[in-house]
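J.: Got a structure for you, questions after.
Just so it is clear, none of the values below were taken in a lab; they were calculated from the coordinates. Keep in mind that this is a model prediction, so the values were computed, not measured. Because the Cβ atoms are built from the backbone with ideal geometry, glycine has one as well, and the counts that use them run over all protein chains shown.
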Ligand code: ZN
Ligand code: ZN
């Protein structure tokens, strides 16, 4: 069965819904390769879409009332495609539908239902089921439902009644909850004690854009008794550094995150969340039964989300510094009377397993083609079948890349985007090696501040996320994914600088160890220690790292291999010295795929791969120049989500 999920990168709800639904479908079906997520707007309009996106962000940030007008105009138009600007989108979608032949098409963005309606205007028969996942609440744009869908999945009863009033037949509406990450359903978090008596008041503050009074708001919150503050600032490294300086004096009472993959756990372990009324954030707060104080919203589009919080009485709207602080005070006073009320209402509407429920509906609909059907037999407690892991295939030339970076340090892609990217390019084994800087060195200090290297506080999460993605990569692509670290030991000069790869690590190694001790710890975990870019190279940034090369007598006996090639650089002295070698792309962004790689002739098994490199027999290098045909179908060209967000992450 094939499922095509169409999404778009406007606002934070559509991609989140698409991604979470894919995760749920993949967890539930034994044949997971058949779920595709496609941002067709981006694929078709490319740069234009980028411009539209930045115009959208600009409007939202600088002229919210103008955005409101645009939103109303769209709402009033009979069809988005009437403007005639969707011609290319229509042609692309009909091509894809023809070639991919999905059984179910899922749309998480309103324009696609319009386009589908236009494609099939003259045909009675549509060869697939169409699901629309409405990612907004209450004040939903009519573009969502003015065209046919077999099933409209809505987050709550209030949204369902809007659809009913607009004339959508009741049997097409499924109140499933918003598809938050399945992690909200699966995550095991200890019961949160109510915020009374000596218990700490745990508040999660999601910063979206740096606002002028932000620092002061945070300080006033910290002035309240027993408040513990966890702050996420997304990708704004400057803001993070500023807040770090400003709130340094509060010690353990403040935890500062950049962006994080652990949003489910954070929300489940806090008494209150304060943030912007994004479609995903509001639904994640509800799913995790964490009362929300909305301190910011985009007029029009997000008003419904905010109103949902107020209407369901699961939090409140408090724009402005004083209002926010007062709302927190009110929630906790009188033995947390108001907080208990919010929590009580949340118990009734929280649906953490919504993605699984929608996945069930899709799977049932895909099997049954006799008419629109809503599957009723699902309840949130049902365990999901664990996927079967097949034994690795026997042997063969394995295309490998042991040196890649994600946005845990300075890479452009998230872990799951990197996995999908390499999986689609047909790789057999990759290792993720984000930078960990030695805090004793000058550059280590700078790197940590600017957020370009792994922060020690995130290493546990890093290993956990890679472990999870490794399972998915194996199920989906039969690709091995190893966890690793690039230890950056940078001095002031090339001769005192070294970068060292630990490949297939199980757990953290402290950043502040000397090189021989670091290598010993890498080996103690059964991992490989490899010198990265050990010789003079041409690079637009950064300097050479020659310390290991210049101290070969010491390090050649300790290291398992040396990079003979790094991206476009080739280090012939490594070959002349007959040192064991590998070649890697030092991947930071998609264009780096076209670079030197390692090819191994051994079994596709982590131990066999490491042994092959240690012995350095049947190792070759190759210059990867052209795409192999991407999996699964070339028709689905741009399947990688352009947004960086991970499951559960609130986009900053
Ligand atoms: Zn490096
Ligand atoms: Zn690197």
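J.: If you average the sequence gap of Cα pairs under 8 Å that are 6 or more apart and divide by the length of the stretch 421-531, what percent do you get for the contact order?
T.: Worked out over the stretch 421-531, it gives 29 percent.
J.: Could you put 229, 576 in order, starting from the residue whose Cβ has the fewest other Cβ atoms within 10 Å? All intermediate terms of the calculation are to be shown ahead of the outcome.
T.: Working: 229 22, 576 8.
Ascending number of Cβ neighbours within 10 Å: 576, 229.
J.: Under Stokes-Einstein, with the Kirkwood radius over Cα pairs standing in for Rh, what whole-number D in µm²/s applies to the stretch 194-260 at 37 °C and 0.692 mPa s?
T.: 266
J.: Determine the relative contact order of the stretch 244-306: mean sequence separation of Cα pairs under 8 Å and six or more apart, normalised by residue count, in whole percent.
T.: 29
J.: Ok, one more. Arranged from highest to lowest average of other beta-carbon atoms within 10 Å per residue, in what order do the peptides 567-573, 615-621 appear? All intermediate terms of the calculation are to be shown ahead of the outcome.
T.: Working: 567-573: 16.9, 615-621: 14.1.
Highest-to-lowest ranking by the protection proxy: 567-573, 615-621.
J.: Shifting gears a bit: Can you give me the C-alpha center-to-center distance between the stretch 145-200 and the stretch 486-506, rounded to a whole angstrom?
T.: So the separation of the two Cα centres works out to 47 Å.
J.: Now for a different question. Defining a contact as two alpha carbons under 8 Å apart and six or more residues distant in sequence, what relative contact order in percent does the stretch 190-349 show?
T.: So the answer I get is 23 percent.
J.: Now a separate question. Could you sort 286-296, 549-559, 513-523 so that the peptide with the highest average Cβ count within 10 Å comes first and the rest follow in order?
T.: Numbers: 286-296: 25.7, 549-559: 15.2, 513-523: 17.2.
Ranked by mean Cβ neighbours within 10 Å, highest first: 286-296, 513-523, 549-559.
J.: What ranking of 356, 462, 624 emerges when the number of other C-beta atoms within 10 Å of each C-beta is taken as an exposure proxy, fewest first?
T.: The order, fewest Cβ neighbours first, is 624, 462, 356.
J.: Calculate the tail of P(r) for the stretch 398-617: the fraction of all Cα-Cα distances greater than 26 Å, expressed in %.
T.: Cα-Cα pairs of the stretch 398-617 separated by over 26 Å account for 27 percent.
J.: To continue, here is another question. Please report, to two decimal places, log10 I(q)/I(0) for the stretch 190-349 at q = 0.17 Å⁻¹ as given by the Debye formula with identical point scatterers on the Cα atoms and no solvent.
T.: -0.99
J.: Now for a different question. Can you put 509, 133 in order, fewest other beta carbons within 10 Å first?
T.: Final ranking by Cβ density, sparse to dense: 509, 133.
J.: Post the alpha-carbon centroid distance, the stretch 86-105 to the stretch 260-293, in whole angstrom.
T.: 35
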